[in-house]
Amino acid sequence: MEIDKEDVFQAIVLMDTFNNNFTPISNYKPMAFLSVAGVPLIEYALQSLAVGGITETILFCCQDTPMIKDYVKENKGLWKCTMDVQVKSSDTCQSIGDVMREIDAASLVKGDFILLGINTITNIDFASLLEQHKQTVKKDKGAAMTLVYKEVSQEHALIKSDKSVFLAADGKTNKVLVHQKFKPKSNENTIALPTSGAYKEFVYSGKHIYRNKTATLNRSCTLLEDVLIGGDSFLGDNTVVSKSFIGNNVIIGNNVTIEKSFIMDKAVIKDNVKITNSFIDEECFIKEDCTIEGGTIIAQKLKLKPSNSESGTEWENESAGSGEDEFIGFDKTWSDSESCYSSDCSEDSSIDGSPIPDDTNMIDSLARGFEDKLKCDYLILEINSSRYAYNIQLHEVNFFVVRALLSLPHLSQANNFLVTLRDVIKFFRPIFANYIKSKSSIMDCLRAVEETCIQCEWLKGNSGHVLHMLYDTEVIDEDSLLEFHEDLKENNSRLLQYNSVAKFFEWLQEADEESDESD
């Protein structure tokens, strides 16, 4: 049975607010998953639309599309019974105007529709509102849209914000005559001072230190300045906190130092931990003797323990335009001269002892990033978080990343392998640049190429092309390739049995000889 277009009530929900009001949380958690009273915003929006009579809803995303798709697919809310929900995306939109042009170009709407942001919570009857709009359009052919406002008290928080709107309408027809952003100006200069009634649930201790009345602090605990501690949190002996936020139900052990950091709800931090300039998300577990510093973000529910052999992760933010590396996490104490491989490796060499059973999670993450064109900075953060969670060595990360990139389903299923390989290497160039930069890391990369090309059927005939393309894109250099070739010959590697590999090294040696002659 076909549904008449007149019976379809359509809505579009903008999943992005195009502001930074909730950073840094919104940098890795979609706005839709921020919760109000324990319920994510996306659930409020979908339930409101379903109850309001909407039969078809489009969630339009500019980022984090896979997470939204997974939520819609796995959710068993009542709205699924009466409403069809689709997820559309575009990573080029930078404003609401861009989104509306994208929607129009894609012909996503079939007529009149409801448009609302993901941060909308309402119980309005949307179906009757659409009918009312249709009647307005019949009477006035020049009507473009129907705006919906709610009367609120003059004491409402939004009234006093800098995002107020000056609105003037015809009293008889409700036609909008003036609509512009308005920021009230005042000639009165005041000083904002804390008052006893401002924070009823908090105890003010001077120096901008606020703690919830239900928080427990041992006597030897020290709060220096600019500290806010949430309810039911516990701080142990000799713990020092400065310029930091501590959420609710946080447990902090003894001899802990926290400075310029955010510790979110239900996090557990054990004894002798030092946290500086970092963000610890909800329900994270930081074990004894960890040091976290330099802008580290520890994702939700991760467990972190100290490493004996190395205590840092390397982060290169190319978008910042800086040529220097920024280290985040622990101490900068690994050596570029060390590699997990030696010249006597066998042809079946691989990394043993890693706590990760396979590369499935990393492959899935990278495949999702390539498909949805996510920023490589986000993928690097995800890789680094996994490294901390599983206590993986740096040279192991180099190996696993390259092996995962060459194992992407986009390559195994490609109709034109070389074109797809070129696109993959070009897209993930920032990841290669972040992890493959020293001589030892280049050798890690080459060993990963060797193992993956031997194990994967779709790579065997293209192994030489893989090496050539990595060389052309300057991921690996000529000297490392020649050294790698000698290792392959010494170990009788099966990789040399492939014609494309033999031809590549033959070409490389000839080019090297010609270069020497010209010199």
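Some notes on this structure:
- When each of 271, 237, 289, 265 is tested for being outside any strand (DSSP E or B) and in contact with a Ser or Thr (Cβ under 6 Å, 6 or more places away or on another chain), the lone residue that passes is 237.
- Residue pairs whose Cβ atoms lie under 6 Å apart, sitting 6 or more positions apart in sequence or on different chains, and linking a residue in the stretch 248-273 that is among the polar types (S, T, N, Q) to a partner that is buried (at least 20 other Cβ atoms within 10 Å of the Cβ), are 248/230; 261/244; 261/275; 261/278.
- For residue 98, the conditions (1) of a type outside the set (S, T, N, Q); (2) touching a strand residue (DSSP E or B) at 6+ places or on another chain (Cβ under 8 Å); (3) closer than 21 Å to residue 63 by Cβ all hold with the exception of (2).
- Evaluated against (1) modelled with pLDDT of 85 or more; (2) more than 21 Å from residue 69 (Cα to Cα), residue 409 falls short on exactly one condition, (2).
- Residues satisfying the stated conditions in the stretch 277-287, i.e. more than 17 Å from residue 305 (Cβ to Cβ) and surrounded by fewer than 18 Cβ atoms within 10 Å (Cβ to Cβ): 277
- Meets criteria (in the same structural domain as residue 378 (by TED's automatic domain parsing), surrounded by fewer than 21 Cβ atoms within 10 Å (Cβ to Cβ) and assigned to a helix (DSSP H, G or I)) for residue 495: no
- The numbered conditions (1) under 26 Å from residue 33 (Cβ atoms); (2) in contact with a strand residue (DSSP E or B) (Cβ under 9 Å, 6 or more places away or on another chain); (3) surrounded by 14 or more Cβ atoms within 10 Å (Cβ to Cβ) are all true for residue 112 except (1).
- Pick from the stretch 103-128, criterion touching a residue at least 24 places away in the same chain (Cβ under 8 Å) and in a helix (DSSP H, G or I), ranking: farthest from residue 59 (Cα to Cα): 128
- When the residues of the stretch 30-44 are filtered to those that are out of contact with any helix residue (DSSP H, G or I) (no Cβ under 8 Å at 6 or more places or on another chain) and not in a loop (DSSP other than H, G, I, E, B), the one that is farthest from residue 91 (Cα to Cα) is 39.
- Members of the stretch 105-118 found to be at pLDDT below 85 and more than 12 Å from residue 10 (Cα to Cα), listed by number: 105, 106, 107
- Test: residue in the stretch 59-71 that is within 14 Å of residue 115 (Cα to Cα) and not aliphatic (A, V, I, L, M): yes
- Residues that are under 20 Å from residue 487 (Cβ atoms) and outside any helix (DSSP H, G or I) within the stretch 448-475 comprise just one, 475.
- Restricting attention to the stretch 83-101, the residues that are modelled with pLDDT under 85 and acidic (Asp, Glu) total 2.
- Taken over the stretch 58-79, the criterion of being out of contact with any Asp or Glu (no Cβ under 7 Å at 6 or more places or on another chain) and either under 24 Å from residue 125 (Cα atoms) or without any contact (Cβ under 8 Å) to a residue 24 or more places away in the chain (or both) is satisfied by 58, 59, 60, 69, 70, 72, 73, 74, 75, 76, 78, 79.
- Applying the criterion of being in a helix (DSSP H, G or I) and of a type in the set (Lys, Arg) to the residues of the stretch 425-447, the residue that is nearest to the chain's Cα centre (by Cα) is 429.
Conditions (1) touching an Asp or Glu at 6+ places or on another chain (Cβ under 9 Å); (2) modelled with pLDDT of 50 or more, marked per residue:
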| residue | (1), (2) |
| --- | --- |
| 321 | no, no |
| 328 | yes, no |
| 351 | yes, no |
| 379 | no, yes |
| 384 | yes, yes |
| 393 | yes, yes |
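- Test: residue in the stretch 78-96 that is touching a helix residue (DSSP H, G or I) at 6+ places or on another chain (Cβ under 6 Å), closer than 26 Å to residue 382 by Cβ and in a loop (DSSP other than H, G, I, E, B): yes
- Put simply, of 433, 511 the only residue that is exposed (fewer than 14 other Cβ atoms within 10 Å of the Cβ) and either more than 15 Å from residue 404 (Cα to Cα) or not assigned by TED's automatic domain parsing to the domain that holds residue 398 (or both) is 511.
- When the criteria are applied in full, residue 252 fails the requirement of being β-branched (Val, Ile, Thr) and modelled with pLDDT under 50.
- The set of residues in the stretch 44-88 being touching a Pro at 6+ places or on another chain (Cβ under 9 Å) and of a type in the set (Phe, Trp, Tyr) consists of 71 alone.
The values are calculated or read from the model by the stated rules, or taken from the named source; none is laboratory data. All values reported here derive from a predicted model rather than from experimental measurement. Heads up, the Cβs are rebuilt from the backbone with ideal geometry, glycines too, and the neighbour counts pull from every protein chain shown.
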